[in-house]
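The values are calculated or read from the model by the stated rules, or taken from the named source; none is laboratory data. Because the structure is a prediction, the values reported are computed rather than measured. Virtual Cβ from ideal backbone geometry, glycine too; neighbours counted across all protein chains shown.
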Amino acid sequence: MANKKYGKPSRPFELWNIGNYETVYWQEKQDEYLAFMLKLYQSHPLKDFRYLHGRKGERAVHVGPLNAPVTMEEIEKVVIECRANNFNKADILGWEWSYEVNELAKELAKKNGVDLRLVQIPSVNEIKSSLVGFDLQLLKVPDQVVEKELAKYIKFPEVAYLEIETKIEGSEVTLKITDFQLSPTAELAEIASKVKDSRELIDYLAIDWNYKGDTFHNQWQSFRVKKDPKVDYEAKYKYKEANEYQIMVKVVDVFGNDTNKVLKVVIK
């Protein structure tokens, strides 16, 4: 039985912990979701605002939706509310990011006098793994545990700048990574002198050529190996039908941080 072949390609899947009810619970309890994220980010909640959920020092904080990318429309509303209430610095936390958000959002914010940072929320599994040994439920972590314990392990990295050139010839799409920039950190400073091309900071690259907003289908990938310590910066795909498609590009940098980018292409 072990050698039996099914003749069908394997499908992508997600691994779920049978007790992992937190994200479902969050969908029904928006206030608790926001409160937990603000606490994890070590910021204080704000009241009487629509899009500014918290404050961390001088920076306003907005928490993006649980099951949807942060959009330009959402960011524009945050920037407008910042201007109307004399906030000139803001952090936007998100799980995923819509098309061209990084470039357009910072340009919009700069024009409006707001210093904007896009911050990646760590995965639920990463958060839960940091709780191992504390015997605590995810949604009921005391403030002192967050400050004294979780803050050491949970990272909220600033979203990397990922620039992708798109070329369409007939039904074939070519994607080329033209730039990849990480926000300055102590870890980056240690290796900066050894990096000739900033794209060398990419450890793994994967593409879903027909992303539908749910499960990521890994249809193309490239990763660093010892003999060739860089990924392929260019990838091609030929579509069978004319249509509008979304493409999701997933990048993991050498420090283990994820950057996701969604592109749109029209095949005529």
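Taking every residue in segment 162-187 that is within 15 Å of ASN102 (Cα to Cα) and acidic (Asp, Glu) and pairing it with any residue that is at pLDDT 90 or above and in a strand (DSSP E or B), at least 6 positions away or on another chain, the pairs with Cβ-Cβ distances below 6 Å are GLU163/THR178; GLU163/ASP179; GLU165/LYS176; GLU165/THR178. Residues of segment 60-111 that are free of Cβ contacts under 8 Å to residues at least 40 places away in the same chain, surrounded by fewer than 22 Cβ atoms within 10 Å (Cβ to Cβ), assigned to a helix (DSSP H, G or I) and not aliphatic (A, V, I, L, M): GLU73, GLU74, GLU76, LYS77, GLU81, ARG83, LYS106, GLU107, LYS110, LYS111. GLY19 satisfies every condition listed in (1) modelled with pLDDT under 90; (2) surrounded by 12 or more Cβ atoms within 10 Å (Cβ to Cβ); (3) among the small types (Gly, Ala, Ser) except (2). Pairing residues of segment 237-257 that are at pLDDT 90 or above and small (Gly, Ala, Ser) with residues that are crowded, with 17+ Cβ neighbours inside 10 Å and not in a loop (DSSP other than H, G, I, E, B), at Cβ distances under 9 Å and at least 6 apart in sequence or on separate chains, gives no pairs at all. In the set (1) more than 26 Å from VAL70 (Cβ to Cβ); (2) out of contact with any Ser or Thr (no Cβ under 8 Å at 6 or more places or on another chain), the condition left unmet by ILE267 is number (2). Inside segment 39-93, can you point out the residues that are in contact with an Asp or Glu (Cβ under 7 Å, 6 or more places away or on another chain), within 24 Å of GLU28 (Cβ to Cβ) and basic (Lys, Arg)? Result: LYS39, ARG50. The set of residues in segment 212-226 being surrounded by 14 or more Cβ atoms within 10 Å (Cβ to Cβ) and within 15 Å of the chain's Cα centre (by Cα) consists of PHE216 alone. With the condition kept exactly as written, say whether any residue in segment 202-220 is among the basic types (Lys, Arg), part of a loop (DSSP other than H, G, I, E, B) and within 23 Å of PRO157 (Cα to Cα). Checked against the condition, which is being among the basic types (Lys, Arg), part of a loop (DSSP other than H, G, I, E, B) and within 23 Å of PRO157 (Cα to Cα), segment 202-220 yields no hits at all.
A residue that is surrounded by fewer than 12 Cβ atoms within 10 Å (Cβ to Cβ) and more than 23 Å from LEU66 (Cβ to Cβ) occurs somewhere in segment 243-260. For segment 244-256, the criterion of being of a type in the set (S, T, N, Q) and either touching a His at 6+ places or on another chain (Cβ under 7 Å) or part of a loop (DSSP other than H, G, I, E, B) (or both) is met by none of the residues.
Any idea which of (1) surrounded by 12 or more Cβ atoms within 10 Å (Cβ to Cβ); (2) of a type outside the set (D, E, K, R); (3) touching a residue at least 12 places away in the same chain (Cβ under 8 Å); (4) not in a strand (DSSP E or B) is the one PRO229 doesn't satisfy? Just one mismatch for PRO229, condition (1). State whether one or more residues within segment 186-202 are in the same structural domain as THR259 (by TED's automatic domain parsing), closer than 25 Å to ALA242 by Cβ, crowded, with 17+ Cβ neighbours inside 10 Å and under 18 Å from the mean Cα position of the chain (by Cα). Looking for residues that are in the same structural domain as THR259 (by TED's automatic domain parsing), closer than 25 Å to ALA242 by Cβ, crowded, with 17+ Cβ neighbours inside 10 Å and under 18 Å from the mean Cα position of the chain (by Cα), one finds none in segment 186-202, hence no.
Looking at the structure I just gave you, is GLU32 modelled with pLDDT of 60 or more, in the same structural domain as LEU116 (by TED's automatic domain parsing), closer than 18 Å to VAL124 by Cβ and loosely packed, with under 10 Cβ neighbours inside 10 Å? Judged against the criteria, GLU32 is not a match.
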